[in-house]
1. Can you name the residue in region 113-122 that is surrounded by 18 or more Cβ atoms within 10 Å (Cβ to Cβ) and either among the aromatic types (Phe, Trp, Tyr) or more than 19 Å from the chain's Cα centre (by Cα) (or both) and is also modelled with the highest pLDDT among such residues?
2. Looking at region 224-248, which of the residues that are surrounded by fewer than 17 Cβ atoms within 10 Å (Cβ to Cβ) and within 18 Å of Leu7 (Cβ to Cβ) is modelled with the lowest pLDDT?
3. Among the residues of region 1-36, write down those that are over 18 Å from the mean Cα position of the chain (by Cα) and more than 22 Å from Leu215 (Cβ to Cβ).
4. Condition first: modelled with pLDDT of 95 or more and either farther than 19 Å from Ala16 by Cβ or hydrophobic (A, V, I, L, M, F, W, C) (or both). Now tell me which residues in region 173-184 satisfy that.
5. Could you list, in sequence order, all residues of region 1-28 that are touching a Gly at 6+ places or on another chain (Cβ under 8 Å) and of a type in the set (A, V, I, L, M, F, W, C)?
6. Collect the residues in region 28-77 that are more than 20 Å from Ala146 (Cα to Cα) and among the small types (Gly, Ala, Ser), keeping them in residue-number order.
7. I'm checking my understanding of the structure. Among residues of region 161-215 that are more than 18 Å from Leu67 (Cβ to Cβ) and of a type in the set (Lys, Arg), which one is surrounded by the most Cβ atoms within 10 Å (Cβ to Cβ)?
8. In region 80-93, which residues are among the hydrophobic types (A, V, I, L, M, F, W, C) and either under 17 Å from Ala5 (Cα atoms) or out of contact with any helix residue (DSSP H, G or I) (no Cβ under 8 Å at 6 or more places or on another chain) (or both)?
Amino acid sequence: MLASAALHAGWNALVADARDTHATTAVALLVGAAVFALPAALSWRVEDSAWPYIAASAALELAYFALLAAVYSRADLSFAYPVARGSAPVLVLAISVIALGAEVSLAAAAGVLAVTGGVLLVRGIGRGAADAASLALALAVGACIAGYTLVDDHGVRHAAALPYFELILIASAVPYAAAIAVWRGTAALKAAANWRAAAAGVGMVTAYLLVLAALERAEAAPVAALRETSVVMAAAGAALLGREQVRATRLLGAVLVVAGVAALALG
């Protein structure tokens, strides 16, 4: 899971640092779908009952990648990544409590407070309207993550994991790439077809495969908690590599987000 977290932070950093985040995301998705194709075909099992979940998840994934590219085009990785990743488990918990009547443990309540405090530190107090817009985009990414997490939790019961995810990836990659081609021209996609997009696509796929491998060996709660260490990795990596001027309060906020998500997962 630590390797998966590092890869997840890495491919997000590649997209965030790209000249054209939208075109790079589109190419990365196409590469990811291509890499997944053979393993998905070899493990094919998709029941008819899975298709509504696949359609819903694909729509949410499409929105997720579009919003992710949008926020990375205007905000730093160390700002957007912790907010998007940290807000998702809180939203999943909120939906579970409101819609499904789930109970909230003391650890989960503490986790929500820690994530909220972490997000405030990551954003900074008293920032301007531009930061407010970036915050709204990052929270929208988190909402998409929460949405497809809840959908996939039920959908994957009706299909093998790899073909299920491959179909979702294709259903989001193709229309997204087509939209970018219409919006920015095919030249933008050609310019983005480089090592950065390819590495992001392979990293995206490999990170997911490592999650599946971890879930075969451990319970979901500790796996989910470890996965969120990518939040600290992303912030620390941006600071160490000199890509961004990362404030100490932002690093502390990222740590708080991880601690909060761990409390949510383990509580």
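1. Ala114
2. Arg243
3. Within region 1-36, Arg19, Asp20, Ala34 meet the criteria.
4. Across region 173-184, the qualifying residues are Ala173, Val174, Pro175, Ala177, Ala178, Ala179, Ile180, Ala181, Val182.
5. So the first thing to find is which residues in region 1-28 are touching a Gly at 6+ places or on another chain (Cβ under 8 Å), and the list is 7-11, 13-14, 27-28.
Listed by number, the residues that qualify are Leu7, Ala9, Trp11, Ala13, Leu14, Val27, Ala28.
6. Selection gives Ala28, Gly32, Ala33, Ala34, Ala37, Ala40, Ala41, Ser43, Ser49, Ser73, Ala75.
7. Within region 161-215, the match that is surrounded by the most Cβ atoms within 10 Å (Cβ to Cβ) is Arg196.
8. Selection gives Ala80, Val83, Ala84, Ala88.
The values are calculated or read from the model by the stated rules, or taken from the named source; none is laboratory data. None of the values given here were measured: they were computed from a predicted structure. For neighbour counting, all protein chains shown are included, and Cβ atoms are generated from backbone atoms with ideal geometry for every residue, glycine included.
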